[in-house]
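Colleague: Quick one: structure below, then a few questions.
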Amino acid sequence: MTWLGVTRMSFIEYQDIIQDGDTAIVYLGHDSMFPVTIQHGSQTQTKYGVMRHSTDLIGKKYGSKVTCSKGGWVYILYPTPELWTMNLPHRTQILYSTDISLITMMLELKPGSVVCESGTGSGSLSHAIIRTVAPTGHLYTVEFHQQRAEKAMEEFRQHKVDHLVTVKNQDVCKSGFGMSHIADAVFLDIPSPWEAIGHAKSALKVEGGRICSFSPCIEQVQRTCRALEGHGFTEINTLEILLRVHDVRTIRLQIPDLGKPLEDQASPASDANDAPKPMTYSQDACSIFKSGVPPRETVGHTGASTEPEKMFQLKAHFGTWTLSSDQYFLSDPWHVRSDLANM
Ligand SMILES: C[S@@+](CC[C@H](N)C(=O)[O-])C[C@H]1O[C@@H](n2cnc3c(N)ncnc32)[C@H](O)[C@@H]1O
C-alpha cells in the first residue's frame, strides 16, 4: 500500500521504519504497554519521561530502544493482532489470543477464506481473522451498536486493513449477514447466538462450512447446540481451552556418592560379602537443573472477563455441516443422516 510515495504501515504487512500516522506499541515491560498514534510534532508521556515523535520516533526502526527524557527507555514495537488484543481500547469484553488461536484452527481459516462474524465488539478477533485471511479473503462483520461499528471501521482504516473487511451496522438475529452461501466460516459472539443460527446457515457456503459460537454460560451453549442440531449441523462439539503457564525454576540437587567406578575398584569380588550401604551425598557437589513447574490452580476462563474474580466458564462450540442437493450428510460421506434428509 502506498501513501505519498512511501509504504504505509499495515497490520498485515511488516514495515521496518516508524512513520508519521502509524499505530505503534510502546513497550515498557510484559505487563505495561500501550498503543500510540505517531504524529509529527506530538509527544507521549511515559513514567520514564517524554518521547518526542518527530525526533525520537519517526525514521527509527521498529524494535528500537528509545531513551525518554528522564533517562529510562522503552521499546517501540510493530503492531501485530496479538499486541493489539493486549492493548486495544475496550468498548466491550473481548476475545484473547488463547481462544482466538483455537477458533482460527477449528474454523480452518487460511488466506483466501471468507468469514462472517458477529458482533464486532472491540475488533479484537476481527484483527486476527483479517490477518489470517489476507491477502485474498474477506471478513464480513456485523455489529448492531452504531458507535462500535463506526469505531471499528475507523480502526480498520487506520490500520490499513479496511479493504479486507466490511462492517455492517445491523442486528444479526433479525437481518443476518446480508449474503447467501459464500462464507467458509461463521463466528458468533453475541448473547443469543441461537437466534442467529438460521442466518449463519444461509451465509455459509453450500458444502463444508464451519461455525463457531462463543458463550460464557452453559445454558447459552445448550440452547445454541439445540439450534445447530435443528438446522442440520453435524459434528457439534463443546470445547474449553485452559492456559497453563509453567514457571521455570532453578533447582539444586545434591549428587549421590555412588563410590568408585567399577574399573577403579581393586577387585569387585572383595565387596561381594559387604552389606548394602546407605546412599551418601557429597556435601559440596550439586547439579543445577532448570525445571518447569505447573501452577497449582488453573484459571477456569480465558476470555469474556479481564477481572479474575468474575470467573465465567467459557465454552466454544463448533459444528460442521455439508449439504448436497436436498440432503444433509455427515462429513463421513458413507453415512447419510436420513432424519436430516429433505429438510
Ligand atoms: C462480547 S462483544 C464481541 C467482542 C469481540 N468478539 C471482540 O473480540 O472484540 C459482543 C458484541 O456483540 C454485539 N451484539 C450483541 N447482539 C448483537 C446482535 N444481535 N447483532 C449484532 N451485534 C450484536 C454487541 O453490541 C457487542 O459489541
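Taken together, the values in this text are just the output of simple stated rules run on the coordinates, not laboratory data. Just so we're clear, the structure is a prediction, and the values are computed from it rather than from any experiment. Positions of Cβ are backbone-derived with ideal geometry, glycine not excepted, and every protein chain shown enters the neighbour counts.
Colleague: Would you order 163, 138, 127 from fewest to most other beta-carbon atoms within 10 Å of each residue's own beta-carbon?
Modeller: Ascending number of Cβ neighbours within 10 Å: 163, 138, 127.
Colleague: When a footprinting reagent is the concern and you count Cβ atoms within 10 Å, what order do 33, 9 take, fewest first?
Modeller: Listed from fewest to most nearby Cβ atoms, that is 33, 9.
Colleague: Further, regarding this structure: In this model, which of 110/160; 174/201; 110/205; 61/151; 151/201; 168/205 are farther than 23 Å apart at the alpha-carbon?
Modeller: 61/151; 151/201, as the Cα separations exceed 23 Å there.
Colleague: Right, next: Considering only DSSP states other than H, G, I, E and B, which chymotrypsin sites (Phe, Trp or Tyr not before Pro) in the range 110-160 qualify as loop sites with at most 12 other Cβ atoms within 10 Å?
Modeller: Answer in residue order: no site qualifies.
Colleague: Could you line up 14, 78 from fewest to most neighbouring Cβ atoms inside 10 Å?
Modeller: 14, 78
Colleague: Something else about it: For the range 2-79, what is Rg from Cα atoms divided by 2.2 N^0.38 Å, rounded to two decimals?
Modeller: Scaled against compact globular proteins, the figure is 1.04.
Colleague: Give me the distance in nm between label points sitting 7 Å out from Cα along the Cα-to-Cβ direction at residue 150 and residue 217, one decimal.
Modeller: Here the answer is 3.1 nm between the modelled labels.
Colleague: Further question: Mind jotting down a quarter of the surface of the convex hull over the alpha carbons of the range 128-206, in square nanometres, one decimal?
Modeller: Approximately 5.2 nm², given one-decimal rounding.
Colleague: For the range 14-67, what is the relative contact order in percent, using Cα pairs closer than 8 Å and at least 6 residues apart in sequence?
Modeller: Dividing the mean separation by the residue count of the range 14-67 yields 36 percent.
Colleague: Any chance you could list P(r) for the range 170-244, counting all Cα-Cα pairs in 5 angstrom bins from zero, rounded to whole %?
Modeller: Each 5 Å bin holds this share of Cα pairs: 3, 16, 28, 25, 16, 7, 3, 1, 0.
Colleague: Residues of the range 189-220 with backbone nitrogen within less than 19 Å of a virtual label 7 Å along the Cα-to-Cβ line of residue 108, please, listed as ranges.
Modeller: 200-213
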